1. Magnitude of the Cβ-charge dipole of the chain, K/R +1 and D/E -1, about the Cα centre, nearest 20 debye?
2. Two-decimal Rg/Rh of the range 71-115 from alpha-carbon positions, Kirkwood Rh?
3. Please grab the % of Cα pairs in the range 45-88 that end up more than 15 Å from each other.
4. With a 1.4 Å probe and all protein chains left in place, how much accessible area per residue does the range 64-209 have, in Å²?
5. Suppose R0 equals 25 Å; then what is the FRET efficiency for D207 and H85 from their Cβ-Cβ distance, rounded to the nearest 0.05?
6. So if I take the centroid of the Cα atoms in the range 94-138 and the same for the range 31-83, what is the distance between those two points in Å?
7. What distance in nm separates the simple spin-label points at A17 and R29, each placed 7 Å from Cα in the Cβ direction?
8. Across 10 Å bins from the origin, how do the percents of Cα pairs in the range 54-209 run, short distances first?
Amino acid sequence: MIGETIGRKFARLATNAAVRNPRLWTIFRPLVRRQFDALAPVWESMRLEDSLAPYEAALETLETPPARALDLGTGTGAGAFAIAHLFPEAKVVGADLSARMLAEAERRTPADLRGRVTFQRADASALPFPDGSFELVAHANMIPFFDELARVLAPGGHALFAFSSGDTTPIYVPSGRLRAELEPRGFTDFAEFTTSRGNSLLARKADRT
Ligand SMILES: C[S@@+](CC[C@H](N)C(=O)[O-])C[C@H]1O[C@@H](n2cnc3c(N)ncnc32)[C@H](O)[C@@H]1O
């Protein structure tokens, strides 16, 4: 219990530090990776049934289904599976720092999603994808790295940020802060969603001019 409280506080500290100054991420990265490697075997038992409610509420409003989607900080893959179920034509990549989380995600991949949903070890602060690779870049309870997500998102594509327990989620960034980071990077059409416990923000990257 004390360990869990410290872990939650540490996750918030790492989030705040990385959002304020992404260069600090090099200090936090090995510690965060170790934290989630340790949590991987029990992560599914820690997730509540409605954890993805704010994530799905935003996805359901997308008028154009994404052809290629990226779930950053995918953990055990729930967000990637949700995108694939909602958009049956989409190819979905789930990326995470933690090899143990990804092993769980691979193990949990339903047979009908194999091939369409793939998992890849990657750091969201330095993604191994070319510019404009995805029409959707989604984050569920994940630290955002704004330059990289803006780079890999195609013009006109959407970025999604969801927090299962609103402002009590350990990895949480207030909507105002998200907007302040996204607006100068050319994002528009902000939409906010609240569910019984959680909240999310959807934003659209401007079309190429
Ligand atoms: C709080 S968990 C959320 C997992 C999943 N999205 C969910 O909601 O169940 C955060 C995940 O993000 C991963 N993560 C944290 N920082 C990351 C980074 N810079 N790049 C990739 N993954 C990262 C962690 O390893 C962990 O699996």
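1. Taking the Cα centre of the chain as origin, the dipole is about 720 debye.
2. 0.94
3. Tail fraction, whole percent: 42.
4. Averaged over the residues of the range 64-209, the accessible area is 41 Å².
5. Once the sixth-power term is evaluated, E becomes 0.35.
6. Using only Cα atoms to place each centre, the spacing works out to 10 Å.
7. Taking the simple label geometry, A17 and R29 are separated by 1.4 nm.
8. 12, 45, 37, 6, 0
The values are calculated or read from the model by the stated rules, or taken from the named source; none is laboratory data. Everything numeric in this text was worked out from a predicted model, so none of it was measured. All Cβ positions, glycine included, derive from the backbone under ideal geometry; neighbour counts span all protein chains shown. Accessible surface is based on the protein model in full, side chains and every heavy atom, while ligands, DNA and RNA are left aside. Shrake-Rupley method; radii C 1.70, N 1.55, O 1.52, S 1.80 Å.
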